[in-house]
1. Given axes a ≥ b ≥ c from the Cα gyration tensor, I'd like to know whether region 115-168 is rounded (a/c under 1.5), prolate (a/b larger than b/c) or oblate.
2. Under a crude label model (7 Å from the Cα following the beta-carbon direction), how far is GLU35 from ARG158 in nanometres?
3. Would you mind computing, in nm to one decimal, how far apart the modelled labels at SER165 and GLN101 are, each placed 7 Å from Cα along Cα→Cβ?
4. Taking the Cβ-Cβ separation of HIS25 and ARG151 as r and a Förster radius of 22 Å, what is the calculated FRET efficiency to the nearest 0.05?
5. Angle between the Cα long axis of helix 79-90 and the longest principal axis of the chain, 0 to 90 degrees, nearest 10?
6. Run the numbers for SER111 and LYS129: contour at 0.36 nm per residue of separation, minus the present Cα-Cα distance, in nm.
7. What's the ranking of 50-60, 112-122 by average number of surrounding C-beta atoms within 10 Å, highest first?
8. Treat the count of other C-beta atoms within 10 Å as a stand-in for reagent exposure and order MET62, MET144 from fewest to most.
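Each reported figure results from applying straightforward, stated rules to the coordinates on display, with no laboratory input. What you are looking at is a predicted structure, and each value in this text was computed from that prediction instead of being measured. Don't worry about glycine lacking a Cβ; one is built from the backbone with ideal geometry, like all the others, and counts go over all protein chains shown.
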Amino acid sequence: MQEPIDNFKEAVSLAYQKYQAELEHALCDCDTEEEFKNRSRIAAKRRGSEIVAGKKNAIKEMLIALLVRCKCDGLDITPTVAKYSIKRVLGRSVGARSLQQSFGTPGRTASDKSRVRENDLAEIEKEMKTELICLNQNMDKSLMQANDQWRNTEKAARLIEKIRSNFP
């Protein structure tokens, strides 16, 4: 299984590849500089959205993995316990499907509640917050590196040169 940061790096790489392709298509399709600028803005927004989605997925993966470890250590983590724990850390929850896949127990009903309480999770949530800070820092660093790497590729340099020659 890949680490959340590796999945994020993969998402960023894919976002930049798509961005490059969109700019190349726009360069071929656009007749005016204004039209090209509009298309390139849209491409940049799309790239940003894909990067943000990758970031959210990496955060979700990291938090769920931490709670799964707790479950393996014997703590009764249910989808509901995970949902509220993550909500206390992030300020929002994550998709119910991923929580159900990770923490659901076949045949267990809502009446069979977990005995785990908020104060039982305090230390775990503290660790989650620390891990979250570290992951965010690593993702920010990776994003800056990816941006620099893209700008320094031969393909990007040729594209930028074409843009400058087509729209002086």
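1. The shape class here is prolate.
2. A separation of 2.4 nm, rounded to one decimal place.
3. 4.7
4. 0.65
5. Around 50 degrees separate the two axes.
6. That works out to 3.4 nm of additional length.
7. The peptides rank, most packed first, as 50-60, 112-122.
8. Fewest-to-most Cβ neighbours within 10 Å comes out as MET144, MET62.
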